[in-house]
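Quick note: the coordinates plus some simple rules give every number you see, no bench work behind them. Just so you know, these numbers come straight off a predicted model, no measurement behind them. Here the Cβ positions follow ideal geometry from the backbone for every residue, glycine too, while neighbour counts run over all protein chains shown.
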Amino acid sequence: MTQPSAGRIARGSIWLTSSFMLARFLQLIAQVVLARLLLPNDFGVWAMVLIVTTLSALFREAAIAQVLVHRGIDNKKLVDAVYSLGINISIGVFVLQCLAGFLTSQFFNEPLLWPLTACVAVVFLINAGAGSHSAVMTRQMKFKQLAICDTGAGIARFGGALICASLGGGVWSFAAGEILMALVDSSLKRSLSGHRFTYHLIPEPAAMREVRGYISGLIGINLAVYTNTNGDNLVIGRLLGTQSLGYYNLAYQLAMFPV
């Protein structure tokens, strides 16, 4: 791989920074508007859903596919193995999140959690394989294309949630935003990466041995971070109830925006 020029890196940084800032701004506006349209109980239920989806996201295909940024994309067997593994894991996480939603609904005594969590789990099926396309674009320094994907996904999430909320969708507005974001993000990444993968039901064992240590280390670190950042939601939701958790979650999101 040839060394990138300083100008290319600078332009890429501008694209990514701009898309990130726009996404954060839209997220802030959405939180404020949704706070007017929805009830505190809706935010509390969604915060409970996030306890499950945040854990599931640690195993998302996009995180695993980052090994391609580290190892490169010249070895087709390795690339296809990571792509295949990512799809298989996405399907598995979809099933596990549906099951975890039932257990979480029992823990919080909130029946709505199960169908809502299962609905959001569809995001893993939509995004299956898209993470590998994103990793390829990152490796090839296609930052403009990545910024377009992020911007389009952010706008879709913003619009989907607000439209659904204005139509009386309640807590399902959050799910609508997530699913629409996944659809746009996945479609754009598959279209803009220009890379062709080959799926194998059983990934190449030799290639998997090359990346096993990287993947296990990444997941281990993320699990530690998850435990540290989600314990408060478990305690508040269990002891104080859905409405209190809703107030807490919204206040936390607004407070963390500058960070």
>> Just to be sure I understand the model, the point goes 7 Å from the Cα along the line to the Cβ. What's the resulting Ile29 to Leu16 distance in nm?
In response: 2.5
> After finding the eigenvalues of the alpha carbon gyration tensor for the stretch 1-145, what semi-axes result from the square roots of 5 times each, listed largest first in whole Å?
Replying inline: 34, 23, 9
> Given 0.36 nm per residue, what is the gain on full extension from Thr229 to Ile202 after removing their alpha carbon distance, in nm?
Replying inline: 6.3 nm
> Taking N as the number of residues in the chain, what value does Rg over Cα atoms divided by 2.2 N^0.38 Å take?
Replying inline: 1.05
> Roughly how tilted is helix 6-37, in degrees to the nearest 10 and between 0 and 90, from the longest Cα axis of the chain?
Replying inline: 20
>> Around Ala118, under 15 Å between beta carbons, what's the net of Lys plus Arg minus Asp minus Glu among the other residues?
In response: -2
> GNM on the chain, C-alpha springs below 10 Å: top fluctuator among Thr17, Thr53, Thr104?
Replying inline: Thr17
>> Taking the 0 to 90 degree range and rounding to the nearest ten, how far is the long axis of helix 172-193 tilted relative to the main principal axis of the chain, both from C-alpha atoms?
In response: 10
>> Ignoring everything except DSSP H segments at least 4 long, calculate the 222 nm mean residue ellipticity for the chain; use -39,500 (n - 2.57) per segment, divide by total residues, nearest 500.
In response: -28000 deg cm²/dmol
> Taking a label point 7 Å from the Cα of Leu99 along the Cα→Cβ vector, which residues of the stretch 30-56 have an amide N closer than 15 Å to it?
Replying inline: 56
> When we measure straight from the Cα of Lys76, which lysines land under 24 angstrom away, once same-chain ones fewer than 8 places off are left out?
Replying inline: Lys142, Lys189
>> Loop-only trypsin sites (Lys or Arg not before Pro) in the stretch 145-214, please: DSSP not H, G, I, E or B, and at most 13 other Cβ atoms within 10 Å.
In response: Arg196
> Cα axis of helix 205-239 to longest principal axis of the chain: angle in degrees, 0 to 90, nearest 10?
Replying inline: 10
> So what are the stretch 147-259's ellipsoid semi-axes, whole angstrom, largest first, if each one is the square root of 5 times an eigenvalue of the alpha-carbon gyration tensor?
Replying inline: 33, 25, 13
> Where is the GNM fluctuation largest for the chain (alpha-carbon springs, 10 angstrom cutoff): Ala165, Ala206, Ala130?
Replying inline: Ala206
> In a solvent-free Debye calculation with one equal scatterer on each Cα, what is log10 I(q)/I(0) for the stretch 97-164 at q = 0.14, 0.20, 0.23 Å⁻¹, listed in the order of the q values?
Replying inline: -0.63, -0.90, -0.97
